[in-house]
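> This is the structure I want to talk about, given as structure tokens.
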Amino acid sequence: MRKTFIGPHLRRLRRERGQTQADMARALGISPAYVNLLENNQRSVSVSILLRLLETYGVDWRDIAEDDTGARLADLRGMLQDPIFDNARPDLQELRAALAHAPRLLTALSQLHRAYLAVTDQLQAVALRTGEGEPLLGTSPEAAVHDFFRRHRNHFPGLEKAAEAFWDGKPPATDDVYAALKDRLARRHRIAVRLAPVSEMPRTLRHHDETRGEVLLSEALDHPNRVFQLVHVLGLIECSDALDKLLEGVPADSPQGRARCRVELANYFAAALLMPYDAFLTAAQASKYDFDHLATRFGVSFEQACHRATTLQRNGAQGVPMFFLRIDKAGNVTKRFNATDFQLAEYGGACPRLDVHMSFRTPGRIIPQLVEMPDASRYFVFARTVDRPQFERHGQDNRLAVAMGCTIDNASEIGYAEGVALGDARVTPIGINCRICPRAGCEQRAHHAPALTAPVDERRRGATRYDSVQG
């Protein structure tokens, strides 16, 4: 059984109640010395102590026993790649110690760093603004979604259980799911489903008209996405209380972020229902994560199958930890989910040396790549374009591109890596994005990062105007 340490949580619980270690020891029936050992993570907590905490303080043991150290450590390491930390970057051992003994201090540091990034980017754009604009300080809805899912390690057991119980043990065949969902909406919720022509719903894919008791789906949606949208609606209705409970962890000062998180949680439920955890994991491992096969097998889109793979984080039944990145043709990051240590771009575009950008030249084809981050960590990445619904002939080619990746240690479990000689293949050095990338001499550089402090040499012209430095 895995050891569980709750030191920071226990210390916070005690201080919130104004207790000393002796007070808590008396309440739990243990010695003050043992409370001290627990708070300093020098002892793992036993089941009996967790039960006493529940009885004495009324706290759910899962709230204090949940271990998100791995994800938080990865996020901190990524944050500390910022050049402002160059002269005071703690090592891995120091970070682990800080997480164990001062987690709230690190949370405050992360919030401060995000505010710094937001202000930096907004100040760079202030000359282009007209009118009042948005406040200079605040967390973007995209960052709120990413951080919320990251804190939960991209896995929500409650929604998984709700999806497993949805059909009461009698799931319909894949080709009957659409009709079964329409029937459920009609019988249980008195909601009709109607396909609407594009002219009736311009630029809209789904609309739930609560007044008329009707869900309208655009004819622009293909069959897998019509099914997905109906499950999404049912998730919002039938899992409303569960969603409200989960959203308590989203900062109240980010209403757009909370709304976006609710949408993404409903999407999570839809994916869990259409791609049941155990069946999807078994099929993914058997096919070596062939996402075209998985999409066909479960009646979903390629992108939905990719996204589902990032959620396979159940203790004792984990899939290959992966990250998911979606970009548009301009390189803007439009969606990101992460179950690895890989640092995904939050502000600006992704690194131009990622071949996900090249996939637009060969639509529908998988492009594999080995990459190396500035900290020397290596990942196997594969990318492919995905099509978007078409509303009119003038809106053609609305493709996006998705990239999936895992550590080089897990690459042998991915079928797309079979044609790549992992030990001898060329490795592409990349960064998070140009704003903070410390790599000098990169022919794809688009910004002069603060990390590049060498003086400019006016007598020399490098591969880019940012490379004109004394060397």
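Each value in this text was obtained by applying a stated rule to the coordinates, not by laboratory testing. Nothing here was measured: the structure is a model prediction, and the numbers come from that model. In this analysis, Cβ positions are derived from the backbone assuming ideal geometry, glycine residues included, and neighbour counts consider all displayed protein chains.
> Residues in region 214-258 near a label at Arg399, defined as backbone nitrogen under 19 Å from the 7 Å Cα→Cβ point?
Inside the label zone: 222.
> Classify region 138-274 from the C-alpha gyration tensor, please: rounded if a/c falls under 1.5, else prolate or oblate depending on whether a/b exceeds b/c.
oblate
> Now for a different question. At R0 = 41 Å, how high is the FRET efficiency between Leu92 and Ala286 if r is their beta carbon distance? Nearest 0.05 is fine.
E(calc), rounded to 0.05, equals 0.70.
> Show me 38-51, 259-272, 309-322 ranked by packing, highest mean number of other Cβ atoms within 10 Å first.
259-272, 309-322, 38-51
> Work out the FRET efficiency for Leu195 and Glu248 from their Cβ-Cβ distance, taking R0 = 41 Å, and round it to the nearest 0.05.
0.65
> Let me test this: with uniform point scatterers at the alpha carbons of region 317-428, what is the Debye-based log₁₀ I(q)/I(0) at q = 0.13, 0.16, 0.22 1/Å?
For region 317-428, the Cα-only Debye profile gives -0.49, -0.73, -1.28.
> For the chain, calculate the relative contact order in percent as a whole number, restricting contacts to Cα pairs under 8 Å that are 6 or more residues apart.
11
> Let me ask another. Hey, can you list the DSSP H helices of the chain whose Cα span along the axis is 30 Å or longer and whose average Kyte-Doolittle score is at least -0.5?
103-125
> Moving on. Show me the GluC sites (Glu not before Pro) within region 154-235 that DSSP assigns to loop and that have at most 16 other Cβ atoms within 10 Å of their Cβ.
Listed in order of number, the matching sites are Glu200, Glu210, Glu219.
> Check the straight Cα-Cα distances from Lys329 and name the lysines below 29 Å, setting aside those fewer than 8 residues away within the same chain.
Lys288
> Also, quick follow-up: If you average 1/r over every pair of different alpha-carbon atoms in the chain and take one over that average, what Kirkwood value in Å do you get?
This gives a value of 24.9 Å.
> Now for a separate question. Along Cα→Cβ, 7 Å out, is where each label goes; now give me the distance between the ones at Asp278 and Glu372 in nm to one decimal.
Output for this residue pair reads 4.4 nm.
> Subtracting the Cα-Cα distance from 0.36 nm times the residue separation, let me have the gained length for Arg361 to Leu109 in nm, one decimal.
The span from Arg361 to Leu109 would gain 86.6 nm if fully extended.
> Now a separate question. For region 160-248, which trypsin sites (Lys or Arg not before Pro) pass both filters: DSSP loop (anything but H, G, I, E, B) and at most 14 other C-beta atoms within 10 Å?
In loop regions of region 160-248 (DSSP not H, G, I, E or B), the sparsely surrounded trypsin sites (Lys or Arg not before Pro) are Arg190, Arg203, Arg212.
> May I pose another question? Quote the charge dipole size of the chain about the Cα centre in Debye, to the nearest 20; the model charges only the Cβ of Lys and Arg (+1) and of Asp and Glu (-1).
Using only the charged Cβ atoms, the result is roughly 320 debye.
> Right, next: Write down the percent of antiparallel bridges among all DSSP beta bridges whose residues are both part of region 138-274, to the nearest 5.
Among the beta bridges of region 138-274, antiparallel pairing accounts for roughly 45 percent.
> Under a plain spin-label model, where a point goes 7 Å from the Cα along Cα-to-Cβ, how far apart in nm are Thr56 and Glu210?
Simple spin-label model gives 4.4 nm for this pair.
> Using a/c under 1.5 as the rounded threshold, could you call region 7-65 rounded, prolate or oblate? The axes a ≥ b ≥ c are square roots of the C-alpha gyration tensor eigenvalues, and prolate needs a/b larger than b/c, oblate otherwise.
Rounded is the answer for region 7-65, as its axis ratio a/c remains below 1.5.
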